[in-house]
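Each remark here refers to the structure printed beneath this line.
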Amino acid sequence: MQPGPGGGGAAAGSARHRKWPMKRRVPVAEPSLADPHQLFHDTSSAHGPGGYPVHRTPGGLGYASPSQPAFLADPVSNMAVAYGSSLAAHGKELVDRNIDRFIPVTKLKYYFAVDTVYVGKKLGLLVFPYLHQDWEVQYQQDVPVAPRFDINAPDLYIPAMAFITYILVAGLALGTQDRFSPDLLGLQASSALAWLTVEVLAILLSLYLVTVNTDLTTIDLLAFSGYKYVGMIGGVVTGLLFGRTGYYLVLGWCCVAIFVFMIRTLRLKILSEVAAEGVLVRGARNQLRMYLTMAIAAAQPLFMYWLTFHLVR
């Protein structure tokens, strides 16, 4: 059944005037301005996510510059940092200025100014000092030359290395006898260091009591007293290889060598100039100086035997 003319017009008019819902246009971002794989929102714009304003800082983005923490933006913090820096610089300058009063760094550098040639010649002199003629220390403008230029100059390199090597050899000797333990090795090291300290202090006290005017310093005495560890190492190593007979032979040789070395070295420092040249000088003070020189030299073999005899069996 077809609709009438009137009905058809009404239906067409209603269809013509019906309002269809409007489609919302979604703005398409340009490829250069958006990345479909972007994980975070861009907060560099004036408004962040949700429409909240983002306060910009002098760093250029919406957050503080990585090179400058946020707390440093405070003037009080800047002042505190500047004050701390100046205080640290002043403290470093004060330490550098007064460190020589407690630790003679400059003098220590002199005693470690050695080279391979000097070490080889010095070790040979300690083991065989009988053919050496000139025992005087060389000076340049009233300052002793560095040990690497003068074999007669005292150094701390050989005594320090010899002391460490002696402790290692002592540990090896204790290990071969199934007596090794960290406590016993520490006791060995502390005992050797204590005897060395007592020896140096006793020499200083003796020089003070005898009123000897000498240019020997505490470091010089420490160096001369430390040379005996070279012979001690040789004795213990020989004892480990060849038994007590080899130990006594090598240690006896080294004891005589260190005695001669100390006599010929210290006589130029302790005795008067005339007596040091071999001229017989009478007088109680000169005799005391001679006895003191011989006592210091004779003490070296005693310490060498005392610190090594229990390591060889």
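The values are calculated or read from the model by the stated rules, or taken from the named source; none is laboratory data. Since we're looking at a predicted model, the values are computed, not measured. With ideal geometry, Cβ positions are generated from the backbone for all residues, glycine too; neighbour counts draw on all protein chains shown. What goes into the accessible areas is simple: the full protein's heavy atoms, side chains included, and nothing from ligands, DNA or RNA. Shrake-Rupley method; radii C 1.70, N 1.55, O 1.52, S 1.80 Å.
Data overview
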item	result
Boolean, ASP74 is of a type in the set (Asp, Glu) and at pLDDT below 70	yes
Residue among VAL127, VAL114, VAL145, VAL119 that alone is farther than 23 Å from VAL230 by Cα, hydrophobic (A, V, I, L, M, F, W, C), at pLDDT 90 or above and surrounded by 12 or more Cβ atoms within 10 Å (Cβ to Cβ)	VAL145
For TRP195: the one exception among (1) outside any helix (DSSP H, G or I); (2) open to solvent by 10 Å² or more (accessible area, probe 1.4 Å); (3) modelled with pLDDT of 95 or more	(1)
Residue in the stretch 180-192 that is surrounded by the most Cβ atoms within 10 Å (Cβ to Cβ), counting only those that are without any contact (Cβ under 8 Å) to a residue 60 or more places away in the chain and of a type outside the set (A, V, I, L, M)	GLN188
Any hit, the stretch 211-232, residues being among the polar types (S, T, N, Q), modelled with pLDDT of 95 or more, crowded, with 17+ Cβ neighbours inside 10 Å and closer than 26 Å to GLY120 by Cβ	yes
Residues satisfying the stated conditions in the stretch 283-298, i.e. free of Cβ contacts under 8 Å to residues at least 40 places away in the same chain, farther than 10 Å from ILE263 by Cα and open to solvent by 80 Å² or more (accessible area, probe 1.4 Å)	GLN287, TYR291
